[in-house]
Every structure is written in C-alpha cells, then in structure tokens.
Number of protein chains: 2
Amino acid sequence: MSETDLVVERLFDAPRHLVWKAYTTPEHLRNWWAPKPYETPECEMDLRPGGKFYTRMTGPDGFDLRGTGCFLELVEGEKIVWTSALGEGWRPNDLGPADCGGFPFTAIVTLEETVDGKTRYKVVAMHRNETDRETHEAMGFHSGWGTCADQLGALAAELGQ
Amino acid sequence: MSETDLVVERLFDAPRHLVWKAYTTPEHLRNWWAPKPYETPECEMDLRPGGKFYTRMTGPDGFDLRGTGCFLELVEGEKIVWTSALGEGWRPNDLGPADCGGFPFTAIVTLEETVDGKTRYKVVAMHRNETDRETHEAMGFHSGWGTCADQLGALAAELGQ
C-alpha cells in the first residue's frame, strides 16, 4: 500500500467461492454493488483480461451513473483486478468530471480463506497521485465502498443458505 | 479499427520468433525503439500482465523522455498488449504534458506468420478520443512509429544471420 491507495478490508462469514460468485455474476452484483437505497439496474461482465465491466447505478435522488471499466486479471476464487482507466478491449477511457470524479483508479480485490472457512476480503483502490486519493476519500470512499463490502458479505452468506 | 486508432503495418523478412525476440529483449529493443539518431539508453521489461515497461529515449537535440507503461497481455510469438495509461502493477499513470503529449494510449502488437516464413507486423495505437488520435498523428506518429517498425524488422532479420 502506498500513499495513493485506499483500502477496505472485511471478514465475511461465507466461503471464498461464494464471495467470488457474488462478485462475478451480474445478477448477484446488482444486489450489492451500490450502497442501498442506491441501485445497480444494469451490469455486464466479460470475465477475461481486456473484457468489459459495465455498471449503471441509480439513486432515489436522481443519481444516474454509467461506467465501463475493464478487467485486467482474474484468478478464480482469489483475485480480481479491474480499472476505470481503460474500457472494453483495454482502450483508454475518456473520463470527464461526470464520471465519478473523472479520475482513473485500479481496484485489486483479493479473497483469502481463513482456517474456519470464512473469507478475508480486501480491496485496494490505486490512484495516480495523492490528490486523486484525497478526492476519492472526500467523496465518501470508506463509507461507500465499506457499505458495499458489507452488502457483498451478507449476500455471499445468503447464497450459502 | 475505429476513428480513435492509428495503425502501422509492415511485412518483415524475418520469422516471427525473431521479431518477438527483438521486441521483448531489452538489449534488442534498445536498438530499434527510437527512430535514429534518437536512442534508447534505458529499458526495463517485466514480461507479464501488470509488469513494468520502462524506456528512456534521448536525442542529439537534448530530447530526454522517460516513460513507464504496463504490459496487459503477452501471447508468446503472437501478441503484445501494453498501455501508457497504467504503470507498474496496473497503477494509473499520472501523465503530464511532458509525457509524450500527456494522453494515454494502448498498443496492440500482433505478429502473423506468412506462408513463406515472413512476419506480418501490425501495431494499433488506441486512444480515448479523436482529439488524442489527431494530436498523436500531428506529433508524427506514422513517420515515427513507421521508422521504428522498419528498424525492428531490420534487426529481426539480422538476428537470423
């Protein structure tokens, strides 16, 4: 971790393969990706390096954000790397101020199995510089991504019932 | 190809594995990467997705440009994808105007073997938008990348002698 990173960590009461399933299946992702009452009515995932990762989030306040990122690395059950800097087929994204602050970031998600069958979830958001990290933090990163992580953990636990 | 791409294509009188070798070996890359009399005194390559691709180019006119990109995909002997949008470990690059125009691009290099043992070399540079493509073109893309491609082909042919 460097001074340009932001990190969220959680311990989920669910096995790793169900956290993976909840993250990589569009119909499941739509249930945890946005902090409720925000919603994710649309999601498309092409799970391979260079593959499209599209989401649309909406909110009761009129919030409506479409974004297309790109998967960079996928290790089944263990690791997901994606970035907002690139879109489908690794083409650089033309980010404007309306695109969630306009700065690019790369997310590195790791899932680690604990001895008692739980999952240590960690996501590191890497930025270009400290200014972007501060902007992202001031936008409510920890509360927002933290809430979504909790939602992801709860959904993964539900999938096991 | 789209309207935001720039393309250079060449037919090299060298087998594909030698073009691959000339591209992916720092001591060989240093001999073709910059259009002569420009030089590439420094190069570091970590040939894996997320791996660092660092070069330094210098010129007799005082030109001195360091840049760190990132490999995205490597298919031995066939395909190299790298981007200036990201650096080592996929961290977004903090590109300024001094960084070769300041715009990010992704390069997709493909090597195709012909029936007579030659190599069809193609590099597609993908940009965020038409403005960046036009800027890159006005910076002398076709002449610059074309000259480097010719140098790469000549070096690959030499390696076979």
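Considering only residues that are assigned to a strand (DSSP E or B) and touching a residue at least 24 places away in the same chain (Cβ under 8 Å), which ones fall in the range A:7-48?
Once the filter is applied, which keeps residues that are assigned to a strand (DSSP E or B) and touching a residue at least 24 places away in the same chain (Cβ under 8 Å), the range A:7-48 yields A:V7, A:V8, A:E9, A:R10, A:L11, A:F12, A:E42, A:M45.
Among (1) of a type in the set (A, V, I, L, M); (2) within 26 Å of B:V123 (Cβ to Cβ); (3) outside any loop (DSSP other than H, G, I, E, B); (4) at pLDDT below 95, which single condition is A:L65 missing?
(2)
Within the range B:142-157, identify whether any single residue is within 14 Å of chain A (Cβ to nearest Cβ) and crowded, with 20+ Cβ neighbours inside 10 Å, and answer yes or no.
No: zero hits.
Could you list, in sequence order, all residues of the range A:104-135 that are in contact (Cβ under 8 Å) with a residue 40 or more places away in the chain and either assigned to a loop (DSSP other than H, G, I, E, B) or within 17 Å of A:W33 (Cβ to Cβ) (or both)?
Here is the first cut: in the range A:104-135, the residues in contact (Cβ under 8 Å) with a residue 40 or more places away in the chain are A:109, A:111-114, A:117-130, A:132-133.
The answer is A:V109, A:L111, A:T114, A:G117, A:K118, A:Y121, A:V123, A:A125, A:R128, A:N129.
Could you please find all residues in the range B:1-32 being surrounded by fewer than 19 Cβ atoms within 10 Å (Cβ to Cβ), closer than 28 Å to A:G87 by Cβ and hydrophobic (A, V, I, L, M, F, W, C)?
B:M1, B:V7
Check the range B:117-130 and report whether any residue there is over 26 Å from A:G50 (Cβ atoms), among the hydroxyl-bearing types (S, T, Y) and more than 14 Å from chain A (Cβ to nearest Cβ). Lay out the reasoning, then the answer.
So the first thing to find is which residues in the range B:117-130 are over 26 Å from A:G50 (Cβ atoms), and the list is B:117-118.
So of that shortlist, the ones also among the hydroxyl-bearing types (S, T, Y) come out as none.
No.
Would the range B:83-98 turn up any residue that is more than 11 Å from chain A (Cβ to nearest Cβ), within 16 Å of the chain's Cα centre (by Cα) and outside any helix (DSSP H, G or I)?
Checking the range B:83-98: not a single residue is more than 11 Å from chain A (Cβ to nearest Cβ), within 16 Å of the chain's Cα centre (by Cα) and outside any helix (DSSP H, G or I).
Out of the range A:49-93, which residues are without any contact (Cβ under 8 Å) to a residue 12 or more places away in the chain, more than 22 Å from A:T119 (Cα to Cα) and surrounded by fewer than 16 Cβ atoms within 10 Å (Cβ to Cβ)?
Once the filter is applied, which keeps residues that are without any contact (Cβ under 8 Å) to a residue 12 or more places away in the chain, more than 22 Å from A:T119 (Cα to Cα) and surrounded by fewer than 16 Cβ atoms within 10 Å (Cβ to Cβ), the range A:49-93 yields A:D61, A:G62, A:D64.
Specify the residue that is nearest to A:L152 (Cα to Cα); the eligible residues are those in the range A:99-113 that are of a type in the set (V, I, T) and within 12 Å of another protein chain (Cβ to nearest Cβ).
This residue is A:I108.
How many residues are surrounded by 21 or more Cβ atoms within 10 Å (Cβ to Cβ) and not aromatic (F, W, Y) when one looks only at the range A:94-108?
Number satisfying all stated conditions: 3.
Looking at the structure I just gave you, is A:L86 in contact with a Cys (Cβ under 7 Å, 6 or more places away or on another chain), aliphatic (A, V, I, L, M) and modelled with pLDDT of 95 or more?
yes
Can B:G101 be described as in a loop (DSSP other than H, G, I, E, B) and more than 18 Å from B:D150 (Cα to Cα)?
So B:G101 fits the description; yes.
The values are calculated or read from the model by the stated rules, or taken from the named source; none is laboratory data. These figures come from a predicted structure and were not determined experimentally. Using ideal geometry, Cβ is built from the backbone for each residue, glycine included, and neighbour counts are taken over all protein chains shown.
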